[in-house]
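Everything below concerns the one structure shown next.
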Amino acid sequence: MRVLGLSAGNPDGSAELVLRVALQAAEAEDAEVALVRLHDLELPTRPVGPGHPAGGDDGPWLWDQLMESDGLIVATPIYSRTIAGTLKLVADRLAGPAADIAFAENYRRMLEAGETPPVAFPYDERVFRPRVAGFIAVGGALSSQWKSLALPLMHQMTFSAHIAVADQLLVGGAGMPRSVVLDARALVAAARVGRSVAGQLGRAFEDVEYRGEPGLCPLCHLSVVTVSGQALECATCGAGGRLVVEEGAARVRFDDPDGLKRSVATLDEKRAHFAEVQETAATQGPLAEEIARRAAAYAAFDRRIAPQAGRRAIA
Ligand SMILES: Cc1cc2nc3c(=O)[nH]c(=O)nc-3n(C[C@H](O)[C@H](O)[C@H](O)COP(=O)(O)O)c2cc1C
């Protein structure tokens with residue numbers, strides 16, 4: 001069983017150090033571990049290919065590393081209240097339809113039936129392998145408002161492929177380079193993340209036990225919500241809940257099973273989303289000529305600028 005560690009921080013910086021602590025703990029649980037430093041990779045914002053940038057692209061290699069792993073531990077520094085841009089880029093390259101388990105199961109069914117899927121996306125059997133994940137975000141700030149959007153964004157790494165999040169950790173106060181090593185509690189908690197992942201490798205999604213801080217949402221265990229009247233939505237995973245007043249105090253409740261099914265962490269919602277994508281394609285596909293005609297009206301308005309090197313790369 002193999003655990004892949006992704007370091008989105010500075011080489012040897014605080015985020016990478018806590019990742020090493022987590023991977024050491026995972027190795028002590030008999031997992032094979034590997035650390036990928038995102039700074040070592042060449043990752044263009046779009047895949048290399050016709051009409052896309054020239055040069056190297058380690059995206060397919062990274063995809064294979066993830067597909068050949070049973071566990072994933074991601075560590076990022078917190079920049080401007082959220083994750084490092086390199087990690088967002090990785091999520092944009094690796095997550096989404098190509099990794100989506102509902103897309104994959106429908107593709108498999110259509111291919112087995114000899115049908116042609118109406119919308120073509122890359123399909124990889126390996127997304128069905130059960131995987132367990134852990135997240136660690138490290139910030140310099142002590143106060144919560146400087147860290148609030150870090151863990152929610154990290155879930156983009158896992159929900160498409162239905163990877164179960166077993167643990168997540170938010171560390172603050174690492175203001176100076178590498179200073180997380182001064183924080184004994186953070187190091188102990190990082191080792192816990194490693195064990196939470198390594199100790200549950202191979203388990204089916206439903207059987208993975210969550211071992212991090214509880215949080216308000218029962219599905220993603222985070223507490224960032226949007227409120228509309230009395231209706232609530234978990235900003236991380238989309239679970240629906242409600243705001244109630246009990247004994248004069250506002251409380252958050254996620255007690256409606258239909259509300260929980262709206263979470264993108266559930267197979268129900270992923271399947272509903274797949275159906276919606278197919279319906280949208282069925283409606284808009286026959287309008288291809290009309291789309292091209294209307295879009296052409298804006299073609300003459302070209303005020304684009306790019307450096308010379310950029311122009312050559314995308315020519
Ligand atoms: C551009 C930038 C933005 C940052 N924004 C935040 C922030 O919003 N909240 C926070 O807690 N720390 C913030 N930090 C501090 C980093 O999270 C912290 O320095 C880092 O985790 C330490 O890692 P290192 O050892 O790799 O330098 C920021 C640092 C940089 C460079």
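The values are calculated or read from the model by the stated rules, or taken from the named source; none is laboratory data. All of these numbers come straight from a predicted model, not from anything done at the bench. A quick note on method: Cβ atoms are made from the backbone with ideal geometry, for glycine too, and the neighbour counts reach across all protein chains shown.
Residue count for segment 153-188, restricted to those that are more than 19 Å from the chain's Cα centre (by Cα), among the small types (G, A, S) and either away from the ligand (no atom under 16 Å from the Cβ) or surrounded by fewer than 21 Cβ atoms within 10 Å (Cβ to Cβ) (or both): 5. So E32 fits all but one of (1) crowded, with 16+ Cβ neighbours inside 10 Å; (2) over 29 Å from V277 (Cβ atoms); (3) in contact with a strand residue (DSSP E or B) (Cβ under 7 Å, 6 or more places away or on another chain); what number is the exception? Tallying (1) crowded, with 16+ Cβ neighbours inside 10 Å; (2) over 29 Å from V277 (Cβ atoms); (3) in contact with a strand residue (DSSP E or B) (Cβ under 7 Å, 6 or more places away or on another chain), E32 fails exactly one: (1).
The set of residues in segment 86-144 being crowded, with 21+ Cβ neighbours inside 10 Å, under 25 Å from Q65 (Cβ atoms) and within 16 Å of the ligand (Cβ to nearest atom) consists of L87, F135, I136, A137, V138. Checking each residue in segment 59-75 for being acidic (D, E) and surrounded by 18 or more Cβ atoms within 10 Å (Cβ to Cβ) picks out only D70. Before we move on, is A150 within 14 Å of the ligand (Cβ to nearest atom), under 22 Å from V225 (Cβ atoms), in contact (Cβ under 8 Å) with a residue 24 or more places away in the chain and surrounded by 20 or more Cβ atoms within 10 Å (Cβ to Cβ)? Criteria met by A150.
Before we move on, is I78 under 24 Å from S263 (Cα atoms) and either in contact (Cβ under 8 Å) with a residue 60 or more places away in the chain or surrounded by fewer than 14 Cβ atoms within 10 Å (Cβ to Cβ) (or both)? Show your work before the answer.
Details: under 24 Å from S263 (Cα atoms): no; either in contact (Cβ under 8 Å) with a residue 60 or more places away in the chain or surrounded by fewer than 14 Cβ atoms within 10 Å (Cβ to Cβ) (or both): yes.
The answer is no for I78.
Find the strands (runs of 3 or more DSSP E) located wholly in segment 1-86 whose residues include 1 or more that are of a type in the set (D, E, K, R), and list them. Don't jump to the end; show me each part of the working.
Values: elements: 2-7, 32-37, 71-79.
Filter on segment 1-86 gives 2-7, 32-37.
Any residue at all in segment 261-281 that's in a helix (DSSP H, G or I) and surrounded by fewer than 10 Cβ atoms within 10 Å (Cβ to Cβ)? No, the conditions are met nowhere in segment 261-281.
For segment 110-149, name all the residues that are more than 30 Å from E279 (Cβ to Cβ), of a type in the set (S, T, N, Q) and either part of a loop (DSSP other than H, G, I, E, B) or under 17 Å from the mean Cα position of the chain (by Cα) (or both). Step through it out loud before you land on a result.
Keep residues of segment 110-149 that are more than 30 Å from E279 (Cβ to Cβ), which gives 132-149.
The next check asks that each one be of a type in the set (S, T, N, Q); those that pass are 143-145, 148.
Within segment 110-149, S143, S148 meet the criteria.
State yes or no: is G212 under 21 Å from F254 (Cβ atoms) and either at pLDDT 95 or above or assigned to a strand (DSSP E or B) (or both)? Here the answer is yes, as G212 does meet what is asked. Taken across segment 44-67, residues that are without any contact (Cβ under 8 Å) to a residue 60 or more places away in the chain, under 24 Å from G212 (Cβ atoms) and under 20 Å from the mean Cα position of the chain (by Cα) do not occur at all. On inspection, V225 fails the criterion of being farther than 21 Å from R262 by Cβ and among the β-branched types (V, I, T).
Every listed requirement among (1) surrounded by 18 or more Cβ atoms within 10 Å (Cβ to Cβ); (2) farther than 11 Å from A133 by Cα; (3) not acidic (D, E) is met by V208 save one, (2). Looking only at segment 222-253, which residues are part of a loop (DSSP other than H, G, I, E, B) and surrounded by 20 or more Cβ atoms within 10 Å (Cβ to Cβ)? L222, T236, C237, G238, A239, listed by residue number.
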